[in-house]
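Right, one structure below, let's go through it.
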Amino acid sequence: MSHCQTENFARVQSELCSPPNPTFLSLLPQVNRSSGHSSKGRSKEHNQRTMVDAVVSFVVERLGELLIEQVLFLRGVRDEVTWLRNKLDMMSCFLKDAEDKQDGDHRVRKWISDVRDLAYDAEDIIDNFILKVEEGEGTPKKMGLKDCFQKYFCICSKRASLVEQANLYGIGKEINTLKKRLEEIQRNREIFNIRDINDGRQGSDRRNERLNELRREMPYEDNELVVGFQEDAAKLMSELVKEVKHRRVISIVGMGGLGKTTIARKLYNNDSLRQKFDCYAWVSVSKDYNIQDLLQKTIKSFKRPTSKEEFEFLEKMKELDDLETHLRKYLEGRRYLVVVDDVWDVNAWASLRRAFPDNKNGSRVIMTTRSKTVAEHCDERPYVYELPFLKEEESWELFYMHLRTLLFFNGENESDEFEIAQLQPLCMKLRLLRVLHLEELSFRRSRETRKVKLLDEIGKLIHLRYLGLRGTEIDQISPFIGNLHALQTLELDPFSDVLVQLPDEIRNAKQLRRLLGVFKWPFPVDNLTKLRTIGGVVVGDQMEFDPTVLINLRELWVKFVGRDRRITLDSIGGLRNLQFLLLDVDLEDSGSFPALQPLSQSQNLIQMKLWFKGAWKVPAEVHQFPPNLKYLSIDADLTEDPFPVLEKLPNLTLLELRTYGEANKLACSAGGFPQLEILVVIGISDEELEVEEGGMSMLKGLLMENFHLSNISGRLTSIPEAPEIYFDRPLY
């Protein structure tokens, strides 16, 4: 391979194997003791409408796969899973409509945000369920169909119902929680009349905004995994249930992010506690509040109006005295529980307390605040509980439980070598990891094989979406890669001199979208129907596969090596959705290049990069090229002028030609290259470019190296120099 070809080889590998979008490789999530989802962070990091549609669609797809692949485990909750999948699918349809019609409306954005957060929670439920099934909780890893039925039907019928078996994994209860949230979201959509926002009825804007604010006040029944709250909750619960007749305020005090709201929600949603009260409500105050709004929110939270008419009736109640009277009258004689969340100053509570009568029947108020002063002045007999920080072991437990992204970089100590086994404890603890990126980590080679094998324990990270191994020198992939059913991107070293043979188990990674590295062909692709990018594949003889399987493949890089003269492009030509193709052939070894004729059927192939070491002649007929080719780069020792053929390509827009052979003159005829806008020609000596009048009529940029113009029209002499364009990456 020539020096120029070697540079191009490295460059295209670098581009095809570049890290994913920075949005995907986000910083480590900030987790606190209250929640692991970090949904607020997500909403800030992603464009709402585009991301939520992708998230919901992905979850719907995974729920469908769950129904198929875990049929035995889901027997007791199959209807619930199906219901959830159908509802999310319906929401996905609305999201498409919202993107088209509701751009810029704050209510729709918030509604979309709620759908997105619910989809994330549904994904977590799926992942946790699969994790528990994979761990088996005593179940053998491999079990025949007969054994499965015997264990999960016969035994379960004797010891527990199938519903109980499903509930063993917790999925039934968690889905019911999501059902309540989805029903609330759907009810809000109908009440807010979101679809009619563009009909000109501006008078309803404020009312709909207030309804949206109210919805935020209603704390959904939560299913959070909480670390370190057992003792705190027990102490607070004991205070709440004490036989004290007067109304009592229980305050939870602590810095932001410590978990005050979460523990209040846990107490509020406790069924045994709720049963002791006639009614209950939740109201969030925040730093900027309006007392009328707070009273309205409190009334609506207590009364939970379900109709638009009832909402409108309460909306008409504007006067402070009317609101206080209405709330006091409703609560008179009732034993109530109310959570007043996020109180910043004494005046906020002082304004609310007048509406909360002391019925001498054991009513309770739970307040959360950052200020101990606020807590101490909220009542004549206050109970103030200062929430402590997590213990060290609890902090690590929370960290391991909720970490989703882990990035390793070795920029400062590039000479350091690591033992691959050092990853083992991480793989054992970070079981819910989505992203693992090992940037430039140098692992010590095995003394026996002189190879670096990917750790088997990686296969336990069954929730991984992205596995980045650039610069790690890993050249053996463990069969446990097949356990990564959610993996979407596998990225290896783009500059490795050692071919990587993918194990047969790669076929089980059915979610793969991007497969990047230097892989030896063949490897099984029969199940990899979602692959969009393969870069690249090194083929020693034939590259045969069923092209109807890789229906979604868009980008493909192939390097042919060896001396097999029977190489064909038949299978590649059958890839109906292929858009980018890079072919690298050592003609000096193979002796011939496969005919391009099969690619003439590739209607969607718009970009090709052809690298040849050795002499090559462009096909004699233009119909042997893809019919809609727009971007073409040829790097070869051309034996004759290719322009008489290439100038007939009707859609060719960009052409790069690097010639090192006998073709020392390129001639374009009148009318040739009718759509060409950019031309780059590079030779090895003073070679000639000739363009007849009327040729390259659309040309806007021209770059020549070791070429000179001859017999050229005056117009082309004024064409500006073409900008640097990398033809070895997708340009569309």
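The values are calculated or read from the model by the stated rules, or taken from the named source; none is laboratory data. Quick caveat, the model's predicted, so the values are computed rather than measured. All Cβ positions, even for glycine, are placed from backbone atoms using ideal geometry, and neighbour counts span all protein chains on display. These area figures cover heavy atoms from the full protein model, side chains too; ligands, DNA and RNA do not enter into them. Shrake-Rupley method; radii C 1.70, N 1.55, O 1.52, S 1.80 Å.
Every test in (1) of a type in the set (A, V, I, L, M, F, W, C); (2) in contact (Cβ under 8 Å) with a residue 24 or more places away in the chain; (3) within 24 Å of I185 (Cα to Cα); (4) loosely packed, with under 14 Cβ neighbours inside 10 Å is passed by C279 save one, and that test is (4).
Out of region 476-504, which residues are among the charged types (D, E, K, R) and in contact with a Leu (Cβ under 8 Å, 6 or more places away or on another chain)? Spell out how you get there, then give the answer.
Of all residues in region 476-504, those among the charged types (D, E, K, R) come to 491, 493, 497, 504.
Listed by number, the residues that qualify are E491, D493.
Kindly indicate the residue of region 673-714 that is in a loop (DSSP other than H, G, I, E, B) and among the charged types (D, E, K, R) and also least open to solvent (accessible area, probe 1.4 Å) among those meeting that condition.
Taking region 673-714 and keeping what is in a loop (DSSP other than H, G, I, E, B), we get 673-677, 692-700, 711-713.
Within this subset, residues satisfying the condition of being among the charged types (D, E, K, R) are 677, 692-693, 700.
Working: E677: 60, E692: 81, E693: 139, K700: 122 Å².
Within region 673-714, the match that is least open to solvent (accessible area, probe 1.4 Å) is E677.
Looking at P627, is it buried (at least 19 other Cβ atoms within 10 Å of the Cβ) and out of contact with any Asp or Glu (no Cβ under 9 Å at 6 or more places or on another chain)? Let's see the steps before the verdict.
Working: buried (at least 19 other Cβ atoms within 10 Å of the Cβ): no; out of contact with any Asp or Glu (no Cβ under 9 Å at 6 or more places or on another chain): yes.
The answer is no for P627.
Once region 715-725 is narrowed to residues that are assigned to a loop (DSSP other than H, G, I, E, B) and open to solvent by less than 70 Å² (accessible area, probe 1.4 Å), the residue that is nearest to S633 (Cα to Cα) is I725. Can E677 be described as farther than 25 Å from L582 by Cβ, modelled with pLDDT of 85 or more and not polar (S, T, N, Q)? It is false that E677 is farther than 25 Å from L582 by Cβ, modelled with pLDDT of 85 or more and not polar (S, T, N, Q).
For region 637-648, name all the residues that are open to solvent by 10 Å² or more (accessible area, probe 1.4 Å) and in contact (Cβ under 8 Å) with a residue 24 or more places away in the chain. Explain how you work it out, then say what you get.
Narrowing region 637-648 to residues open to solvent by 10 Å² or more (accessible area, probe 1.4 Å): 637, 639-641, 644-645, 647-648.
Passing the criteria: D637, T639, D641, P644, V645, E647, K648.
Of D546, D586, D570, all but one fail to be at pLDDT below 85 and charged (D, E, K, R); the exception is D586. Write out, first by first residue and then by second, each pair whose Cβ atoms fall under 7 Å of each other, whose residues are 6+ apart or on separate chains, and whose first residue, in region 649-667, is part of a loop (DSSP other than H, G, I, E, B) while the second is open to solvent by 30 Å² or more (accessible area, probe 1.4 Å) and of a type in the set (K, R). These pairs meet every condition: N651/K630; L652/K630; T653/K630.
Among S272, S301, which is the only one that is free of Cβ contacts under 8 Å to residues at least 24 places away in the same chain and either of a type in the set (S, T, N, Q) or touching a strand residue (DSSP E or B) at 6+ places or on another chain (Cβ under 8 Å) (or both)? Walk me through it before giving the result.
Numbers: S301 fails: free of Cβ contacts under 8 Å to residues at least 24 places away in the same chain.
On inspection, the qualifying residue turns out to be S272.
Taking the options R532, R514, R554, name whichever one is in contact with a strand residue (DSSP E or B) (Cβ under 6 Å, 6 or more places away or on another chain) and either open to solvent by 30 Å² or more (accessible area, probe 1.4 Å) or of a type in the set (A, V, I, L, M, F, W, C) (or both). Every option except R514 fails the conditions. Note on region 313-372: residues that are in contact with a strand residue (DSSP E or B) (Cβ under 6 Å, 6 or more places away or on another chain) and open to solvent by less than 20 Å² (accessible area, probe 1.4 Å) amount to 15.
Looking at D321, D342, can you tell me which residue is under 16 Å from S284 (Cα atoms) and of a type in the set (D, E)?
Working: D321 fails: under 16 Å from S284 (Cα atoms).
Selected residue: D342, the only one of D321, D342 that is under 16 Å from S284 (Cα atoms) and of a type in the set (D, E).
Somewhere in region 473-482, is a residue closer than 24 Å to G540 by Cα, surrounded by 22 or more Cβ atoms within 10 Å (Cβ to Cβ) and modelled with pLDDT under 85? Yes, the conditions are met somewhere in region 473-482.
Hey, any hits in region 661-672 for a residue that's open to solvent by less than 20 Å² (accessible area, probe 1.4 Å) and within 45 Å of the chain's Cα centre (by Cα)?
Step one: of region 661-672, the residues open to solvent by less than 20 Å² (accessible area, probe 1.4 Å) are 663, 666, 668, 672.
With the extra rule that they be within 45 Å of the chain's Cα centre (by Cα), the set shrinks to none.
Looking through region 661-672, none of the residues is open to solvent by less than 20 Å² (accessible area, probe 1.4 Å) and within 45 Å of the chain's Cα centre (by Cα).
Of all residues in region 446-465, none satisfies being in contact with a His (Cβ under 6 Å, 6 or more places away or on another chain), open to solvent by less than 20 Å² (accessible area, probe 1.4 Å), closer than 23 Å to V537 by Cα and modelled with pLDDT of 85 or more. When residues in region 396-427 are screened for being in a helix (DSSP H, G or I), modelled with pLDDT under 75 and either hydroxyl-bearing (S, T, Y) or over 25 Å from Q230 (Cβ atoms) (or both), 2 of them pass.
This table checks each residue for (1) at pLDDT below 70; (2) in a helix (DSSP H, G or I); (3) open to solvent by 50 Å² or more (accessible area, probe 1.4 Å).
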position: L74; (1), (2), (3): yes, no, no
position: E99; (1), (2), (3): yes, yes, yes
position: Y120; (1), (2), (3): no, yes, no
position: I126; (1), (2), (3): no, yes, no
position: G136; (1), (2), (3): yes, yes, no
